[in-house]
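*Asks:* A single structure is presented below for examination.
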Amino acid sequence: MSRMHFAGNSLPTEKDLAELAEYTTSMQAPYRAALNAMDWLFAYSDDGRAFKEGAAKLAALREMQPVFDPDGAIWDSIAPYADGVDIPTPRRS
């Protein structure tokens, strides 16, 4: 980005804001990829290894969520919804 610090009376320009939005989107890419790859039904697995792996991935997502998705909107847009199935939900800030 051309300027990250807006000293004195200097306000961010439209270019600065566009660069910031692009940077934020690029930093969210790994989070989105992890959400898309998540086995949301891991808790129902008979395989202990699959359960353990799913729990670890969910823990990693929960650590990423406050940074990349504070309101949980991305999580909600990617995680499936299934009647009668307890799908993990994001933490709300």
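Laboratory data are not the source of any read-out in this text; all were calculated from the coordinates shown. Bear in mind that the values here come from a model prediction, so they are computed numbers and not experimental data. Backbone-built Cβ (ideal geometry, glycine too); neighbour counts: all protein chains shown.
*Asks:* Give me the number: length gained by fully extending residue 76 to residue 45, i.e. 0.36 nm times residue separation minus the C-alpha to C-alpha distance, one decimal in nm.
*Replies:* 8.9 nm
*Asks:* Ok, one more. Considering the range 6-82, what Rg and Dmax in Å follow from its alpha-carbon atoms?
*Replies:* Here Rg and the maximum Cα pair distance are 17.3, 61 Å.
*Asks:* Then there's this: Just add up the charged neighbours of residue 70: K/R +1, D/E -1, any other residue whose Cβ is under 14 Å from the Cβ of residue 70.
*Replies:* Every neighbour counted, the sum reads -1.
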